[in-house]
Amino acid sequence: MKKMIFFFLLSVFAFSACQSGEQAPSEEDLMAEQDQLWDEVMAEHDEVMPKMSEIKRLERELTTMIGEESSLDAEAQEKVGQVVQQLSAAGEGMMSWMSQIRQLEPMRGEMEHEQIIEYLKGEKEKITKVKEDMLNSIEEGTSLLALMNEE
């Protein structure tokens, strides 16, 4: 019986020793995690937002190449039209994302930490997709414009 009590007490002591090392993160730690993820999302945005002017420039230049007075054949005009649509969709994707992103401070008063983190992870995925779309459309537009200007 003494051995059983001894092992029971030893188990309780060992369990409580393991538990004492684990502390819940402080409010400051949680906010720092949110801030870090927010900064990552905004870094993606800040990297490609200045490229909006390049998208608009390429759209304008390529749009002038299509139409009734164009010297391009129908197939070339269709390709140019597709790239113009790709550029437009990429620009609209950025504008749409910007209009829908929620600011961090108001969320802190409305949502739990885990919800904020999940939201920000989702926004990071969205802005990464916007970034890829923008960069790909710029690459397509630049290549096509260079090819059209060679002819």
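The values are calculated or read from the model by the stated rules, or taken from the named source; none is laboratory data. Just so it is clear, the structure is predicted and the values come from calculations on it, not from any experiment. Virtual Cβ from ideal backbone geometry, glycine too; neighbours counted across all protein chains shown. Each accessible area value is taken on the protein alone, full model and side chains, heavy atoms only, with ligands, DNA and RNA left out. Shrake-Rupley method; radii C 1.70, N 1.55, O 1.52, S 1.80 Å.
Worth pointing out:
- Scanning the stretch 80-89 for residues that are touching a residue at least 60 places away in the same chain (Cβ under 8 Å) and more than 21 Å from E132 (Cβ to Cβ) yields a single hit, V80.
Let's see how each residue does on (1) farther than 30 Å from S26 by Cβ; (2) open to solvent by 50 Å² or more (accessible area, probe 1.4 Å):
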{"position": "M52", "(1), (2)": "yes, no"}
{"position": "S71", "(1), (2)": "yes, yes"}
{"position": "Q85", "(1), (2)": "yes, yes"}
{"position": "P106", "(1), (2)": "no, yes"}
{"position": "E114", "(1), (2)": "no, yes"}
{"position": "T142", "(1), (2)": "yes, yes"}
{"position": "E150", "(1), (2)": "yes, yes"}
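- Test for R102: is it basic (K, R), within 30 Å of D29 (Cβ to Cβ) and assigned to a loop (DSSP other than H, G, I, E, B): yes
- In the stretch 62-69 there is at least one residue that is at pLDDT 85 or above and surrounded by 12 or more Cβ atoms within 10 Å (Cβ to Cβ).
- Subset of the stretch 19-67 [hydrophobic (A, V, I, L, M, F, W, C) and touching a Gly at 6+ places or on another chain (Cβ under 9 Å)]: M52, I55, L58, L62, I66
- Contacts under 8 angstrom Cβ, first residue in the stretch 136-149 being farther than 17 Å from E78 by Cβ, partner surrounded by 11 or more Cβ atoms within 10 Å (Cβ to Cβ) and among the charged types (D, E, K, R), 6 or more apart: I138/K51; I138/E54
- Count of residues meeting criterion [more than 13 Å from W38 (Cβ to Cβ) and either surrounded by 14 or more Cβ atoms within 10 Å (Cβ to Cβ) or touching a residue at least 60 places away in the same chain (Cβ under 8 Å) (or both)] in the stretch 116-131: 4
- Exactly one residue out of S88, S16 is at pLDDT 95 or above and outside any loop (DSSP other than H, G, I, E, B): that is S88.
- Long-range neighbours under 7 Å by Cβ, at least six apart or interchain, first residue within 23 Å of L144 (Cβ to Cβ) within the stretch 33-57, second of a type in the set (D, E, K, R) and open to solvent by 30 Å² or more (accessible area, probe 1.4 Å): V48/K131
- Scope the stretch 58-71; condition without any contact (Cβ under 8 Å) to a residue 12 or more places away in the chain and either assigned to a helix (DSSP H, G or I) or closer than 15 Å to E105 by Cβ (or both); matching residues: R60
- Residues that are under 30 Å from S70 (Cα atoms) and in contact with an Asp or Glu (Cβ under 9 Å, 6 or more places away or on another chain) within the stretch 92-133 comprise just one, G93.
- Sole residue being under 23 Å from the mean Cα position of the chain (by Cα), surrounded by 10 or more Cβ atoms within 10 Å (Cβ to Cβ) and modelled with pLDDT under 95, chosen from L9, L37, L30: L30
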